[in-house]
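Working notes, structure below.
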């Protein structure tokens with residue numbers, strides 16, 4: 001037999017073998033099936049109104065963050081914040097009250113602000129805070145709270161007064177669409193609570209100027225001060241700490257820029273507001289941003305898996321005059337771990 | 001009835017009909033293939049030291065050829081080691097042997113009762129080779145880990161991962177859409193009707209190193225484009241690594257993928273699979289615990305995505321009632337691992353069983369062997385084997401035995417008959 005014929009017959013037989021081996025493998029396709037739900041975490045799902053968009057970089061304490069799509073671009077901030085336990089409503093409202101120039105509320109004084117609405121057989125507590133500080137483009141905060149199964153869900157909507165009025169119907173539709181179920185493990189977003197001393201093992205220290213008026217600390221703020229000017233203007237200073245990086249630098253800076261009425265920026269624009277600084281011998285970031293009437297001075301420190309924020313915010317002129325004191329406080333800040 | 005022309009019982013006629021097969025039936029080819037098989041076994045045994053059992057099996061037995069480098073520590077190793085030496089693989093040798101035997105069957109063997117033993121022996125060997133090939137292609141090995149008091153209704157493959165999207169909005173049932181590893185390895189865009197988005201696989205790797213970078217440092221490599229999920233929030237740097245085939249190897253498979261709502265990008269995620277189970281992520285670092293379930297919300301539904309060991313759900317479940325392990329007195333050498341289980345089928349039938357060494361539980365084509373146990377942590381692990389061709393080696397051995405018996409009996413009978421006639425003549 002000629003060698004060519006030998007090889008061709010061998011090849012044919014071998015190809016048949018190879019095909020057999022190849023065809024014996026599993027048919028690789030995506031599979032879909034139903035199974036028992038074994039997910040133990042909290043469930044938060046929603047449907048966004050058509051003219052709302054998602055803020056992809058919003059992480060950390062937010063389970064979700066959205067904006068309203070307008071002809072001028074994304075406006076306003078809407079969020080979903082889970083709290084792993086039933087927290088006092090005044091604690092939550094005071095998180096926003098200070099930034100809008102409101103006094104601290106207690107459990108009694110907050111009652112007059114609460115409006116209860118029922119949506120899809122669920123009861124939500126609504127509180128609307130108007131901006132008492134800004135002269136132009138006054139902002140509002142519309143806060144909705146839902147409590148179930150020992151968990152509290154906060155839906156803050158912070159935007160211009162006009163936009164909130166326009167979007168009220170969408171906001172209610174959004175609240176109606178939410179599916180909220182607490183789980184045995186916490187939601188991805190972490191309860192913004194101060195560091196418990198038992199896990200921290202040490203407490204941070206700092207030196208504040210004498211004329212900065214100390215206010216009671218809250219479940220969020222481990223340092224809480226108000227700085228008053230001669231003409232009634234004021235500054236709010238807070239020290240907060242959270243596990244993780246709570247969304248990272250960009251997300252936090254953009255949130256703050258929104259609070260002082262400035263446009264959000266991107267990674268490349270961060271350098272306009274941010275510079276490096278050492279705090280407690282650790283590398284940190286200093287953020288300086290000023291709008292026409294408001295200013296934000298803040299320091300961000302990431303250390304051992306936690307984020308530390310030292311933030312001074314309020315009247316621009318007063319902030320400028322207090323800048324030296326703010327820097328002095330940063331220099332005195334010590335985490336107490338050495 | 002007329003005999004088929006092609007498969008005539010006459011050897012001469014068959015040699016004419018299958019003349020082209022005659023060279024393939026050459027005994028020298030058989031001997032060459034058997035010799036090469038011995039070389040293959042020798043080389044693969046040496047290579048086990050370098051790549052482990054699974055690596056050697058994959059590289060040399062489950063392939064048509066393998067590349068071997070002469071060991072450096074052998075004679076002239078410093079000169080010969082750099083040379084890549086091709087070694088015929090298991091598929092090539094096994095396949096060639098089957099062809100060789102079939103050709104011999106058709107063109108060399110006489111199909112007579114006198115030679116039937118030889119035919120049965122060779123047919124048994126062919127069956128043995130085919131059986132091994134079928135086992136290679138069809139056998140599935142998985143594990144089932146059950147905590148004491150817990151009930152499990154799925155298996156996890158020892159090797160291979162899947163990208164699973166799990167919808168958990170309904171408290172009673174979960175919808176799961178899983179993309180197997182082979183699909184992830186192809187990259188490209190994948191669409192599935194049950195998913196409210198499309199999945200574009202950007203990069204997949206069987207193993208990686210990873211570390212969380214400080215927030216100020218931007219990740220490079222596979223996770224550079226990631227802008228959503230845990231890899232983004234924890235600023236994870238993924239460093240691809242080759243797959244570790246050794247028996248102790250821990251492979252952290254990873255995938256970087258983009259989700260698309262129509263043509264609109266929803267973002268780029270990364271997922272990493274923990275070889276011991278994704279629940280271990282929380283123990284490594286709480287900031288990456290969500291690698292076990294990265295939330296994605298769409299159309300009022302909460303989906304979670306994770307890269308996990310490929311799963312197979314069963315139409316029955318197994319509850320672990322109790323475990324016991326006993327050791328030889330004064331030693332750490334176990335002499336008995338035992339799991340008491342309750343098997344429940346979907347139609348509410350149930351049965352208790354004890355699974356221990358050499359006494360597996362068999363159900364619906366699957367065999368559950370006692371594999372690992374942790375008394376302190378109160379869990380047991382079964383190795384679960386499904387092999388549809390398990391019967392073939394037994395049939396092959398029976399055929400070979402019958403063939404040998406037939407052949408020897410035939411010779412014995414002939415010898416006795418000759419002996420008897422010779423004695424008769426002498427008398």
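Is it fair to say residue B:315 is out of contact with any helix residue (DSSP H, G or I) (no Cβ under 8 Å at 6 or more places or on another chain), surrounded by fewer than 15 Cβ atoms within 10 Å (Cβ to Cβ) and more than 30 Å from residue A:33 (Cα to Cα)? Lay out the reasoning, then the answer.
On the way: out of contact with any helix residue (DSSP H, G or I) (no Cβ under 8 Å at 6 or more places or on another chain): yes; surrounded by fewer than 15 Cβ atoms within 10 Å (Cβ to Cβ): yes; more than 30 Å from residue A:33 (Cα to Cα): no.
So residue B:315 does not fit the description; no.
Cβ-Cβ contacts under 8 Å between residues 6 or more apart (or on different chains), taken from a first residue in region B:219-230 that is within 11 Å of another protein chain (Cβ to nearest Cβ) to a second residue that is assigned to a helix (DSSP H, G or I), are listed as B:229/B:290; B:230/B:287; B:230/B:288; B:230/B:290; B:230/B:291.
Restricting attention to region B:276-289, does a residue exist that is in contact with a strand residue (DSSP E or B) (Cβ under 6 Å, 6 or more places away or on another chain), within 14 Å of chain A (Cβ to nearest Cβ), in contact (Cβ under 8 Å) with a residue 24 or more places away in the chain and assigned to a helix (DSSP H, G or I)? Taking every residue of region B:276-289 in turn, at least one turns out to be in contact with a strand residue (DSSP E or B) (Cβ under 6 Å, 6 or more places away or on another chain), within 14 Å of chain A (Cβ to nearest Cβ), in contact (Cβ under 8 Å) with a residue 24 or more places away in the chain and assigned to a helix (DSSP H, G or I).
More than 16 Å from residue B:307 (Cβ to Cβ), at pLDDT 90 or above and more than 7 Å from chain A (Cβ to nearest Cβ) - does that describe any residue in region B:205-218? First the steps, then the outcome.
So in region B:205-218, the residues more than 16 Å from residue B:307 (Cβ to Cβ) come out as B:211-218.
When the remaining residues are screened for being at pLDDT 90 or above, the result is none.
No - not one qualifying residue is present in region B:205-218.
Considering only region B:152-166, I want to know if a residue exists there that is within 11 Å of chain A (Cβ to nearest Cβ) and without any contact (Cβ under 8 Å) to a residue 12 or more places away in the chain. No, the conditions are met nowhere in region B:152-166.
The residue list A:268, A:275 contains one member that is over 17 Å from the mean Cα position of the chain (by Cα) and within 25 Å of residue B:226 (Cβ to Cβ), which is A:268.
Among residues of region A:23-52 being at pLDDT below 85 and more than 9 Å from every other protein chain (Cβ to nearest Cβ), the one that is farthest from residue A:166 (Cα to Cα) is A:27.
When you check residue A:292 against the structure, is it more than 14 Å from chain B (Cβ to nearest Cβ), at negative phi and surrounded by fewer than 21 Cβ atoms within 10 Å (Cβ to Cβ), yes or no?
Spelling it out, residue A:292 is indeed more than 14 Å from chain B (Cβ to nearest Cβ), at negative phi and surrounded by fewer than 21 Cβ atoms within 10 Å (Cβ to Cβ).
Summed over region B:176-194, the residues that are touching a residue at least 60 places away in the same chain (Cβ under 8 Å), surrounded by 14 or more Cβ atoms within 10 Å (Cβ to Cβ) and more than 8 Å from chain A (Cβ to nearest Cβ) give a count of 2.
All of (1) farther than 30 Å from residue B:159 by Cβ; (2) free of Cβ contacts under 8 Å to residues at least 40 places away in the same chain; (3) in a helix (DSSP H, G or I) hold for residue B:74 with one exception: (3).
Screening residue B:200 against (1) facing another protein chain (nearest Cβ under 8 Å); (2) surrounded by fewer than 19 Cβ atoms within 10 Å (Cβ to Cβ); (3) outside any loop (DSSP other than H, G, I, E, B) leaves a single unmet condition, (1).
I need the full set of residues from region A:129-148 which are crowded, with 17+ Cβ neighbours inside 10 Å and at pLDDT 80 or above, in order please. The answer is A:129, A:131, A:139, A:140, A:141, A:142, A:143, A:144, A:145, A:146, A:147.
In summary, residue B:406 fulfils each of the numbered conditions (1) under 21 Å from residue B:313 (Cα atoms); (2) buried (at least 17 other Cβ atoms within 10 Å of the Cβ) with the single exception of condition (1). Of the numbered criteria (1) within 17 Å of the chain's Cα centre (by Cα); (2) at pLDDT below 90, the one residue B:155 fails is (2).
Output the residues belonging to region B:259-273 that are at positive phi and either under 34 Å from the mean Cα position of the chain (by Cα) or assigned to a loop (DSSP other than H, G, I, E, B) (or both).
Passing the criteria: only B:262.
Screening residue A:242 with (1) under 15 Å from residue A:310 (Cα atoms); (2) away from chain B (no Cβ under 14 Å); (3) not in a helix (DSSP H, G or I) gives one miss only, at (2). In region B:208-245, how many residues are in a strand (DSSP E or B) and either within 24 Å of residue A:284 (Cβ to Cβ) or in contact with a helix residue (DSSP H, G or I) (Cβ under 9 Å, 6 or more places away or on another chain) (or both)? Number of matching residues: 9.
Collect the residues in region B:98-140 that are within 13 Å of chain A (Cβ to nearest Cβ), more than 23 Å from the chain's Cα centre (by Cα) and closer than 21 Å to residue B:36 by Cα, keeping them in residue-number order.
Residues of region B:98-140 within 13 Å of chain A (Cβ to nearest Cβ): B:98-103, B:106-107, B:126, B:129-140.
So of that shortlist, the ones also more than 23 Å from the chain's Cα centre (by Cα) come out as B:99-103, B:106-107.
Of everything in region B:98-140, those that are within 13 Å of chain A (Cβ to nearest Cβ), more than 23 Å from the chain's Cα centre (by Cα) and closer than 21 Å to residue B:36 by Cα turn out to be B:99, B:100, B:101, B:102, B:103.
When region A:245-258 is filtered for residues that are surrounded by fewer than 20 Cβ atoms within 10 Å (Cβ to Cβ) and either in contact with a helix residue (DSSP H, G or I) (Cβ under 9 Å, 6 or more places away or on another chain) or part of a loop (DSSP other than H, G, I, E, B) (or both), the ones remaining, listed by number, are A:249, A:250.
Anything in region B:379-409 that is more than 28 Å from the chain's Cα centre (by Cα) and over 27 Å from residue B:132 (Cβ atoms)? List them, or say none.
Looking only at region B:379-409, we keep the residues that are more than 28 Å from the chain's Cα centre (by Cα), and these are B:401-409.
Within region B:379-409, B:409 is the sole residue that qualifies.
The values are calculated or read from the model by the stated rules, or taken from the named source; none is laboratory data. Worth saying up front: this structure is predicted, and the values here are computed from it rather than measured. Quick reminder, even Gly has a Cβ in these numbers, built from the backbone with ideal geometry, and neighbours come from all protein chains shown.
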